[in-house]
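The values are calculated or read from the model by the stated rules, or taken from the named source; none is laboratory data. It should be emphasised that the depicted structure is a prediction, and the values quoted were computed from it without experimental measurement. Neighbour counts run over all protein chains shown; Cβ positions are idealised from the backbone, glycine included.
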Amino acid sequence: MDEELDIILNRNSGFRCTIIDARSHVRLLRISGGASLTDMQYDLEIADLADLPSTQYRALSYTWGHITGLDDVGVIEIGGASLVIRRNLYDFLRTVVSKNEFGLFFIDTICMNQLDLDERRFQVQEMAHIYRYASEVIA
């Protein structure tokens, strides 16, 4: 298969990222908790790249993992829209919430529009900048 299952599912679901100028902005995932793991709340916020040195956020560096079927993906709701993510990332987010580690995160597969090749190209060029200014890098 040339295209990964999560990309296909997200294209078919109609999930849309807010459009940004990828040369000067980045999306950060805000994780907020509720009374239980099922109350996890996710929203994407736009940050100016120039403001990252003064922004408190954590960046996740991880291996995307392989997808062989639907057991290898999970679904989260971002701003009321469903986004399919790989199981290892889904499990990471569940762990973050179970430890009450809320706040802003940069997670490439969520924060970069994977369906927009031009945006991805510009954002990849900014990755060193994004990771350098993170309050913490989780690997």
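Some notes on this structure:
- Lys99 satisfies every condition listed in (1) at pLDDT 90 or above; (2) over 21 Å from Asn12 (Cβ atoms); (3) not small (Gly, Ala, Ser) except (1).
- Across the range 111-130, not a single residue is classified as of a type in the set (Asp, Glu) and closer than 21 Å to Ser32 by Cα.
- Any hit, the range 83-97, residues being touching a His at 6+ places or on another chain (Cβ under 7 Å) and surrounded by 15 or more Cβ atoms within 10 Å (Cβ to Cβ): no
- The residue pairs whose first member lies in the range 87-101 and is closer than 19 Å to Leu5 by Cα, whose second member is crowded, with 17+ Cβ neighbours inside 10 Å and among the small types (Gly, Ala, Ser), and whose beta carbons are closer than 8 Å, counting only pairs six or more residues apart or on different chains, are Arg87/Gly74; Leu89/Gly74; Tyr90/Gly74; Asp91/Gly74.
- Filter result for Gly80 (touching a helix residue (DSSP H, G or I) at 6+ places or on another chain (Cβ under 9 Å) and either among the hydroxyl-bearing types (Ser, Thr, Tyr) or loosely packed, with under 13 Cβ neighbours inside 10 Å (or both)): no
- Scope the range 53-71; condition modelled with pLDDT under 90 and either touching a Leu at 6+ places or on another chain (Cβ under 9 Å) or surrounded by 18 or more Cβ atoms within 10 Å (Cβ to Cβ) (or both); matching residues: Tyr62, Trp64, Gly65, Ile67, Thr68, Gly69, Leu70
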